[in-house]
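Participant: First the structure, then my questions, so here it is.
The values are calculated or read from the model by the stated rules, or taken from the named source; none is laboratory data. These numbers were taken from a predicted model, which means no experiment stands behind them. Counting neighbours? That spans all protein chains shown, and the Cβs are built from the backbone with ideal geometry, glycine included.
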Amino acid sequence: METSTDISKKIWQEKYQFKNADGSPIDRTLEDTWKRVAKALAAVEKDSVFWERKFYHALQDSRFLPAGRILSGAGTKRSVTLFNCFVMGEIADDMSGIFLGLREAALTMQQGGGIGYDFSTLRPKGAPVHGVGADASGPLSFMNVWDSMCRTIMSAGSRRGAMMATLRCDHPDIEEFIEIKRDPVFLRMFNLSVLITDEFMEAVRNNKAWDLLFKGKIFKTISARELWDKIMRSTYEFAEPGVIFIDRINALNNLSYCEKISATNPCGEQPLPPYGACLLGSINLTKLVKYPFETSANIDLKELCELVRISVRMLDNVIDVSRFPLPEQEEEAYKKRRIGLGVTGLADALIMCGVRYGSNEAVTLTDSWMKNIRDSAYKESSKLAKEKGAFPLLDIDAYLKTPNLQTLPKEIQEDIKECGIRNALLTSIAPTGTISLLADNISSGVEPVFAFDYERTVLMPDGSKSIQPVYDYAYQIYLNLEGKKDLLPDAFVSTQSLRPEDHLVMQSTVQKYIDSSISKTINCPEDISFQAFENIYQKAYDLGCKGCTTYRPNKITGSVLSTKTNEIKKETPSIDHESFKKDYNIIPMSTPLDRPGGLDGKTYKIKWPESNHAIYITLNDIVQLGRRRPFEIFINSKNMEHFAWTVALTRMISAVFRRGGDVSFVVEELKAVFDPRGGAWVDKRYVPSLLAAIGGVIEKHMIDIGFLRDTNNLELEFNKKRQLASANESDFSQCSQCGAAGLIRQEGCDLCSSCGYSKCG
């Protein structure tokens, strides 16, 4: 059995362990990583030894989880930023400004930062470009340039290519923006969100006309409800675009007196001004639950508040020790000292307290916990201002008049009035997928548990694959205390068994105490009606949310494997290779076979969507001991971009074929290749890459000639997942990194429960 601790160790080794260039470890244990981070963040303190001890204690046992950039970079002396994401500067509506923005984005991504951009500043498609006698190509054409840049940076070995693009709901190109990702080829490196204004929502409610305009010029007038329907239809069918209620964000911004926001970081939890930076860390609520699964179970509020105070200080120190890709980003960070303290493990903490996610009791508990976190954070930041100074752009009177500050207890408002405040904004709910796996597979952020019991594909030292069970943190504790039972307590609810209303009530409850925003996904069943789906967004707006992100299984974003909860999972049978060789007359060769004068074969045609020309694959066979086996392969296409690699591929595969033996591994290796840009639908099925499509052709040929047993997609035997919960089924998509059917959609981001890959870092 692979325990959660095993997962924690693997995530740490792959993502956060500090190593020498040759791969030898510097951090030998996770405790060494905690010590490294604590020492680095305490270095700016007058009494660095004292605070290093305090910080280490907060990090121990994963009680406080700084974001991945901090864990991997702090104390390493590497030239990387400790900030997760940035919103870039406003794009000037001219060629030099556009490519300056592209350069800044590339430099930021090179250091590991995800980026957000508002493309609303670019003139629409067809608008005149004065001085050159031409028409503008529109913002979407330039988004393709950013998309290509991101793929290039990512292929050079940098962190994931996370980007967010926003466009106002009144921009003339908004309809094209909404529809662009119906084609899976376009803008795969971007998350897309529409900036929705209060005026637009009012127009939708009253079925009014809506002007699409740029710099005051009306390009088109349409029905507001018609445009809203297009947004909803696209989101319903392929999960994008997201919706950001931008007027609400600006109205509730603590810094509304000195900045305007029009974009967010890639996952949406940090609405930021131009050059704003995203600095994140999360309190692990599961580690604060006393007496789990007993009637007296609850979080120790005193311990929670103390941990919050230390965490605020740690995150504030990150600003002073971090590098920044651009001087403008550094200036913005120092002037406002934004931090984003949040929580993770909320769902597991509720379960450990015997409370059902989305229930009235869950709302009451969550409200209490989040209020204590907010109040403690603001109190500590005011205390830090007295000790170290307030953020430079603080205007006390204007700041205290903002809506968030008005909801604080009067004594904290008085402290701020007297001492100032160190950090302009303090709270945010970040995607915590990877660090939640690091913390023994706790639930992510404020999301419900996706699966209590699932299976993970592990590559063994001998090259074979092993399927091993993995348990959610709260479920594992319950098993340790109570043993395995057929019927779980009512508190054990999962994403698939919850109503959208349960998600929304929890999101809106948390939002009251979050001065930035929340990264959250409302997972919907595939058969949800369009009307019910659209109502989610209307209700999100009515409940005061700053945005809404949903995910419904769809054909555009990839294939989904569903398994029934009550499925009795048996150990995957291993393949007896010796028996297989005997049955199919597979004879290993020490020297390559000679080519006969003539060979029988067959030619197959592949039409790959990204290519203008078809690809033709010819497989020739040799007869050995009365049985056919593949001998050589040829791949031809008029597309010259494919020439070099197809020649190399055919020579290598043909060389393998001519050596004899069990060459079926060629199929497995090719089908395991995943294109980071996304795959394509070929012959009514999703194929993760062109190489995987070629592997599929070879597999079909081998089956047709009797060389390979038709195992009905053997790879799926290694990718099956299941869930022990009250839900009827659990949905996992295929991961682009490891190929396992372990990808889930949470917190506005994709996370692989098998290998720990996260699109958002």
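Participant: Given (1) touching a residue at least 40 places away in the same chain (Cβ under 8 Å); (2) part of a strand (DSSP E or B), where does residue 221 come up short, assuming only one miss?
Facilitator: Unmet for residue 221, out of (1) touching a residue at least 40 places away in the same chain (Cβ under 8 Å); (2) part of a strand (DSSP E or B): (1).
Participant: If a residue must be crowded, with 23+ Cβ neighbours inside 10 Å and not aliphatic (A, V, I, L, M), how many such residues does the range 45-70 contain?
Facilitator: Residues flagged as crowded, with 23+ Cβ neighbours inside 10 Å and not aliphatic (A, V, I, L, M) within the range 45-70 amount to 5.
Participant: A further question follows. If residue 291 passes every condition in (1) closer than 20 Å to residue 511 by Cβ; (2) free of Cβ contacts under 8 Å to residues at least 12 places away in the same chain; (3) aromatic (Phe, Trp, Tyr) but one, which one does it miss?
Facilitator: So residue 291 meets the others, but not (1).
Participant: Further question: Can you list the strands (runs of 3 or more DSSP E) lying wholly within the range 39-152 that have 2 or more residues being out of contact with any helix residue (DSSP H, G or I) (no Cβ under 8 Å at 6 or more places or on another chain), of a type outside the set (Val, Ile, Thr) and under 27 Å from residue 433 (Cα atoms)? Show your work before the answer.
Facilitator: Details: elements: 64-66, 85-87, 114-118.
Output list reads 114-118.
Participant: Residues of the range 65-95 being modelled with pLDDT under 90 and among the polar types (S, T, N, Q), which ones?
Facilitator: Passing the criteria: 79, 81, 84.
Results for (1) surrounded by fewer than 19 Cβ atoms within 10 Å (Cβ to Cβ); (2) part of a strand (DSSP E or B); (3) over 22 Å from the mean Cα position of the chain (by Cα), shown as yes or no for each residue.
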| position | (1), (2), (3) |
| --- | --- |
| 479 | yes, no, yes |
| 489 | yes, no, yes |
| 496 | no, no, no |
| 503 | no, no, no |
| 508 | yes, no, no |
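Participant: Additional query: Is there any pair linking a residue in the range 55-78 that is assigned by TED's automatic domain parsing to the domain that holds residue 339 to one that is in a loop (DSSP other than H, G, I, E, B) and among the acidic types (Asp, Glu), with Cβ under 8 Å and at least six apart or on different chains, and which?
Facilitator: Every condition considered, the pairs that remain are 62/440.
Participant: What tally of residues in the range 226-247 results from selecting those that are surrounded by 22 or more Cβ atoms within 10 Å (Cβ to Cβ), out of contact with any strand residue (DSSP E or B) (no Cβ under 7 Å at 6 or more places or on another chain) and within 17 Å of residue 516 (Cβ to Cβ)?
Facilitator: Counting residues in the range 226-247 that are surrounded by 22 or more Cβ atoms within 10 Å (Cβ to Cβ), out of contact with any strand residue (DSSP E or B) (no Cβ under 7 Å at 6 or more places or on another chain) and within 17 Å of residue 516 (Cβ to Cβ) gives 0.
Participant: Looking for whichever is surrounded by fewer than 17 Cβ atoms within 10 Å (Cβ to Cβ) and in contact (Cβ under 8 Å) with a residue 60 or more places away in the chain here; the options are 362, 430, 398, 424. Which one fits? Walk me through how you get there before you give the answer.
Facilitator: Working: 362 fails: surrounded by fewer than 17 Cβ atoms within 10 Å (Cβ to Cβ); 430 fails: surrounded by fewer than 17 Cβ atoms within 10 Å (Cβ to Cβ); 424 fails: surrounded by fewer than 17 Cβ atoms within 10 Å (Cβ to Cβ).
Within the list 362, 430, 398, 424, the selection yields 398.
Participant: Oh, and also: Which residues, counting only those in the range 329-378, are in contact with a helix residue (DSSP H, G or I) (Cβ under 8 Å, 6 or more places away or on another chain), under 30 Å from residue 275 (Cα atoms) and of a type in the set (Asp, Glu)?
Facilitator: Of everything in the range 329-378, just one residue is in contact with a helix residue (DSSP H, G or I) (Cβ under 8 Å, 6 or more places away or on another chain), under 30 Å from residue 275 (Cα atoms) and of a type in the set (Asp, Glu), namely 375.
Participant: Still on this structure, I have one more. Test residue 625 against the stated conditions and say whether it is at pLDDT below 85, surrounded by fewer than 13 Cβ atoms within 10 Å (Cβ to Cβ) and not aromatic (Phe, Trp, Tyr).
Facilitator: yes
Participant: Scanning the range 616-650 for residues that are hydrophobic (A, V, I, L, M, F, W, C) and touching a helix residue (DSSP H, G or I) at 6+ places or on another chain (Cβ under 7 Å), which turns out nearest to residue 687 (Cα to Cα)? Break it down stepwise before answering.
Facilitator: As a first pass, look at the range 616-650 and keep what is hydrophobic (A, V, I, L, M, F, W, C): 617, 619, 622-623, 625, 631, 633-635, 640, 643-645, 647-649.
Right, trim to touching a helix residue (DSSP H, G or I) at 6+ places or on another chain (Cβ under 7 Å) and you get 617, 619, 631, 633-635.
Working: 617: 17, 619: 20, 631: 25, 633: 21, 634: 21, 635: 18 Å.
For the range 616-650, the residue satisfying everything is 617.
Participant: With the checklist (1) of a type outside the set (Gly, Ala, Ser); (2) within 30 Å of residue 64 (Cβ to Cβ); (3) surrounded by fewer than 16 Cβ atoms within 10 Å (Cβ to Cβ) in hand, flag the one item residue 275 doesn't pass.
Facilitator: So residue 275 meets the others, but not (3).
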